[in-house]
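Data block below; observations after.
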2 protein chains.
Amino acid sequence: MSRAAGRAAGSRVVETVPVALGDRSYDILIGSALLPELGVHLGGIVRPGVAAVVTNPTVRGLYGEVVATALAGVGFDPVTIEVPDGEAHKNLASLARIYDGLVAARVERGSLIVALGGGVIGDLAGFAAATFLRGVPFVQVPTTVLAQVDSSVGGKTGVNHPSGKNLIGAFYQPRKVIIDLDTLNTLPARELRAGLAEVVKYGAILSASLFAAIERDLDRLLACDHDALRPVIRECCALKAMVVERDERETDYRAILNFGHTLAHAIESLTGYERYLHGEAVAIGMTFAARLSHRRGLCAAETVERLVRALQAFGLPTEIPPGLDRERIAQVVASDKKVAARNVKFVCLENIGAIRFEAIAADEVAALAVGGDLLGC
Amino acid sequence: MSRAAGRAAGSRVVETVPVALGDRSYDILIGSALLPELGVHLGGIVRPGVAAVVTNPTVRGLYGEVVATALAGVGFDPVTIEVPDGEAHKNLASLARIYDGLVAARVERGSLIVALGGGVIGDLAGFAAATFLRGVPFVQVPTTVLAQVDSSVGGKTGVNHPSGKNLIGAFYQPRKVIIDLDTLNTLPARELRAGLAEVVKYGAILSASLFAAIERDLDRLLACDHDALRPVIRECCALKAMVVERDERETDYRAILNFGHTLAHAIESLTGYERYLHGEAVAIGMTFAARLSHRRGLCAAETVERLVRALQAFGLPTEIPPGLDRERIAQVVASDKKVAARNVKFVCLENIGAIRFEAIAADEVAALAVGGDLLGC
């Protein structure tokens, strides 16, 4: 296990990726040892007062103390609000728990909410920040690869409904995103791999050069080598920023980021958000989308193979689990946010780094998903 | 009972008040017999598809059929979602019920949500519209005076938290507000009076001429005379539009509309949202605010007397109920959205039609509210 090497190799380089959204603009900071100086980076966002840190028991145990100390060091009054870990808890019940905590902490419109954790924490805390007192400033401090490269940037917040993922939510931008690579040193290997699925996604849909860098550095990324991760995470953040700047509220272009997600959401929903991590479901969904694209004559078999090879090198699943109910898949796909008149705006692959949208009926997606005729190229 | 006269007198005048908010601009229509032609007025907002009508059992019984017929007449597929009546139900549980209904109705981002009812329905349906699929177009069809002159305009949506009113919510503008005065013919007298409290508020804080018109037409307004109500409702909507255009997200000026509301929210919260209608609590709160203003030397005794006289002419309460707990009032006031560093931005009266903001400690507000020394001028 070479995580320690990754830590040792983490030189003191802090990179900044700006997200330009007018009066909602903010910076993403990427570097090592950022948590202990968190207070300094949050200076200027709000005047020191109550800082409600939303986190889960695992992350609190690892980083709760250092974050609280850093906040108190610049005059904030840190209060921790804990919600249970895992996608199954990204729901209205956890949200209500956060609201209770914000009331108890006497959070005001000028206070600060800090999302400290992975994608579930970021989505929950962000939605609570968007809706408590009709909006409280918040910052993202993502501690997983998935949250660092994808969910913490761009302002999508929300919770799941039993009928589908992220059906309830808001667009609400953070005031800053602070990515401390050191937090990845404690990330379970399975979560690291799941996060790398979203890294592969950015390469597949937007950047052949990023994809090539991933293929080249597979082993170093898997070993959590900071010097390999930093440029890759920076590039993913820069790509995400570009997409969000072009279409903040997903009127059209931003849907490109949903590559692999239509089926992934259905699989997660139908397996109770417990069997797969989000990134694992996305790996299966991307493979499905690529095969479907190939079947439609949109991309070469070699393109599908490169994608599958990278995912499998990261130890990610690529096959749809057997036994899923076709009718229920169709239902979940049809309740997707991107559906219009029962047609899904499906993200198809044309090449590594290039996609196109296709309108496909929810029923057809479901039929292909369980029909078995997309098992290979 | 002269309601029938009001109905008969309702000539076919439809007035339009524009709300200019850039790409979130919309019109308020005010007139009689608008519900049967609702479909026509909603044309152009979205393409006909699912229209989810959120309402309560009472309003559904009265107007559910005519609204559904009007929507179906222009090609919409109307689906009704019912939530229980009353402020006590403006909570996360009712919201979850609406989400379930929207999922079951297969509402998409291009569908339409119609809020048909009073302020509770408008706030609930509006917040559901703001957050379902991260935003679905919605229209307000207010059926109470309170909703018509105040809550349906301006985009404030939300639900109550056990600790305080409207602590959870979003700014989300409707695409249109359709005020059919005929719906007031079936409004219980108590609710009509409670709505007139907000009418008095607009005169008190912003318009001496509106206040004079209210004083002149007290009896006709109480009798639900449409020809007296129409210009008054139009003027309130125009004043609200002006305020919202100047400060949509309540960074400062919009807080003027909270005249009387700081104490009103505390009284509602501490009486479980069941003893007083919102307008009744606001009448008590405005009287308190005016007396407090006089005590601070900000306004003349005659100003307080004019306000109290108008409220009492409408049969509204003006005295704080005995037995409220001082410490709990202080707590609720301190959890108000407008609090900064435990100071309330309190709206004080300088004259009829003129206010000023004063920073007052939550503890002081509570002490004055239960101290009994503001019982008269």
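The values are calculated or read from the model by the stated rules, or taken from the named source; none is laboratory data. These numbers come from a predicted model, not from an experiment. Note that each Cβ is placed from the backbone with ideal geometry, even for glycine, and that neighbours are counted across all protein chains shown.
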Tell me which residues, restricted to the range B:78-89, are outside any strand (DSSP E or B) and in contact with a Ser or Thr (Cβ under 9 Å, 6 or more places away or on another chain).
B:V83, B:P84, B:D85
Pull up the range A:166-184, narrow it to residues that are away from chain B (no Cβ under 13 Å) and assigned to a strand (DSSP E or B), then point me to the one that is surrounded by the fewest Cβ atoms within 10 Å (Cβ to Cβ).
A:K176
Identify the residue in the range A:192-224 that is surrounded by fewer than 20 Cβ atoms within 10 Å (Cβ to Cβ), among the acidic types (D, E) and touching a helix residue (DSSP H, G or I) at 6+ places or on another chain (Cβ under 8 Å) and, among all such residues, is nearest to A:A283 (Cα to Cα).
A:E215
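Would you point out the residue of the range A:75-104, among those that are small (G, A, S) and in contact (Cβ under 8 Å) with a residue 60 or more places away in the chain, that is farthest from the other protein chains (Cβ to nearest Cβ)? Show your work before the answer.
Keep residues of the range A:75-104 that are small (G, A, S), which gives A:75, A:86, A:88, A:93-94, A:96, A:101, A:104.
When the remaining residues are screened for being in contact (Cβ under 8 Å) with a residue 60 or more places away in the chain, the result is A:86, A:88, A:94.
On the way: A:G86: 20, A:A88: 17, A:S94: 12 Å.
Only one residue fits best here, namely A:G86.
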Checking A:G10 against (1) at pLDDT 95 or above; (2) within 30 Å of A:D219 (Cα to Cα), the condition it does not meet
(1)
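Filter the range A:297-334 down to the residues that are of a type in the set (G, A, S) and within 21 Å of the chain's Cα centre (by Cα), then identify the one that is nearest to A:L210 (Cα to Cα). Steps first, answer last, please.
Applying the first criterion (of a type in the set (G, A, S)) to the range A:297-334 yields A:297, A:300-301, A:310, A:313, A:315, A:323, A:330, A:334.
Restricting the remaining residues to those that are within 21 Å of the chain's Cα centre (by Cα) gives A:310, A:313, A:315.
Numbers: A:A310: 12, A:A313: 16, A:G315: 19 Å.
So the residue we want is A:A310.
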Per the list (1) within 14 Å of chain B (Cβ to nearest Cβ); (2) in contact (Cβ under 8 Å) with a residue 60 or more places away in the chain, residue check on A:R306 breaks on (1)
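If you check A:E248 against the conditions, is it touching a Lys or Arg at 6+ places or on another chain (Cβ under 8 Å) and within 14 Å of chain B (Cβ to nearest Cβ)?
Considered against the rule, which asks whether it is touching a Lys or Arg at 6+ places or on another chain (Cβ under 8 Å) and within 14 Å of chain B (Cβ to nearest Cβ), A:E248 comes out as yes.
Residues checked against (1) of a type in the set (A, V, I, L, M, F, W, C); (2) under 21 Å from A:I28 (Cβ atoms):
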{"site": "A:E191", "(1), (2)": "no, yes"}
{"site": "A:V200", "(1), (2)": "yes, yes"}
{"site": "A:G203", "(1), (2)": "no, yes"}
{"site": "A:A208", "(1), (2)": "yes, no"}
{"site": "A:E215", "(1), (2)": "no, no"}
{"site": "A:I233", "(1), (2)": "yes, yes"}
{"site": "A:G260", "(1), (2)": "no, no"}
{"site": "A:A283", "(1), (2)": "yes, no"}
Selection from the range B:348-377 of residues that are surrounded by 18 or more Cβ atoms within 10 Å (Cβ to Cβ) and modelled with pLDDT of 95 or more:
B:C348, B:L349, B:I352, B:G353, B:I355
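Applying the selection to the range A:310-321, what residues are within 16 Å of A:F288 (Cβ to Cβ) and either buried (at least 18 other Cβ atoms within 10 Å of the Cβ) or in contact (Cβ under 8 Å) with a residue 40 or more places away in the chain (or both)? I'd like the intermediate steps shown before the answer.
The initial filter retains those residues of the range A:310-321 that are within 16 Å of A:F288 (Cβ to Cβ), namely A:310-312, A:316-321.
Scanning the range A:310-321 gives A:A310, A:L311, A:L316, A:P317, A:T318, A:E319, A:I320, A:P321.
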Looking only at the range A:137-147, decide whether some residue is more than 30 Å from B:S163 (Cβ to Cβ), within 13 Å of another protein chain (Cβ to nearest Cβ) and within 15 Å of the chain's Cα centre (by Cα).
no
Just checking, how many residues over the range A:107-150 are among the hydroxyl-bearing types (S, T, Y) and modelled with pLDDT under 95?
0
Subset of the range A:274-284 [surrounded by 22 or more Cβ atoms within 10 Å (Cβ to Cβ) and in contact (Cβ under 8 Å) with a residue 60 or more places away in the chain]:
A:L277, A:H278, A:G279, A:E280, A:V282, A:A283
Test result for A:D77, more than 24 Å from the chain's Cα centre (by Cα), charged (D, E, K, R) and closer than 19 Å to A:G122 by Cα:
no
Failed criterion for B:T157 (all others in (1) within 13 Å of the chain's Cα centre (by Cα); (2) in contact (Cβ under 8 Å) with a residue 60 or more places away in the chain; (3) within 11 Å of chain A (Cβ to nearest Cβ) hold):
(2)
Look through the range A:328-347, keep the residues that are of a type in the set (D, E, K, R) and at pLDDT 85 or above, and return whichever of them is surrounded by the fewest Cβ atoms within 10 Å (Cβ to Cβ).
A:R328
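Conditions (1) in contact with a helix residue (DSSP H, G or I) (Cβ under 9 Å, 6 or more places away or on another chain); (2) among the basic types (K, R), marked per residue:
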{"residue": "B:A33", "(1), (2)": "yes, no"}
{"residue": "B:R47", "(1), (2)": "no, yes"}
{"residue": "B:N56", "(1), (2)": "yes, no"}
{"residue": "B:V59", "(1), (2)": "yes, no"}
{"residue": "B:E65", "(1), (2)": "no, no"}
